[in-house]
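Trainee: Just dropping this structure here.
Every read-out reported here was derived from the displayed coordinates using simple, explicitly stated rules and does not represent laboratory data. The shown structure was predicted, so the numbers you read here are calculated from the model rather than taken from an experiment. Using ideal geometry, Cβ is built from the backbone for each residue, glycine included, and neighbour counts are taken over all protein chains shown.
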Amino acid sequence: MLLIFQLGRPDVLPVDDFGVRNGFRIAYRRRAMPTPKEVLRYGERWKPYRTAAAWYLWRAADRAKQETTVL
């Protein structure tokens, strides 16, 4: 998180982060939680903008959480 939010690095994908992994699961409609290794392998195609991908994955997880609490 330090690399993303304090140093502004554009190519960081925190694959061990639960929010990133859950957002990946939601965005790609998977039943099971992906492993960090799977997210890392898939994230190679997002180079050199993996930080932006992480933001989108966090947002997907947040949005899914908001939809379940509203209903």
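Trainee: Quick one: putting +1 on the C-beta of Lys and Arg, -1 on the C-beta of Asp and Glu, what dipole do you get for the chain around its Cα centre, in Debye to the nearest 20?
Mentor: Dipole of the chain, to the nearest 20 debye: 260 debye.
Trainee: Using helices alone, what [θ] at 222 nm do you get for the chain, with -39,500 (n - 2.57) per DSSP H run of 4 or more residues, divided over all residues and rounded to the nearest 500?
Mentor: Using -39500 (n - 2.57) per qualifying helix, the result is -17500 deg cm²/dmol.
Trainee: Over the Cα atoms of the range 1-56, what is the Rg over Rh ratio if Rh follows Kirkwood?
Mentor: My calculation puts Rg/Rh at 0.96.
Trainee: Provide the packing ranking of 1-8, 36-43, i.e. peptides ordered by the mean count of other C-beta atoms within 10 Å per residue, highest first.
Mentor: 36-43, 1-8
Trainee: Once the dipole of the chain is set up with Lys and Arg at +1 and Asp and Glu at -1 on Cβ about the Cα centre, which of Leu3, Trp55, Ala32 lies farthest towards its positive end?
Mentor: Farthest towards the positive end: Ala32.
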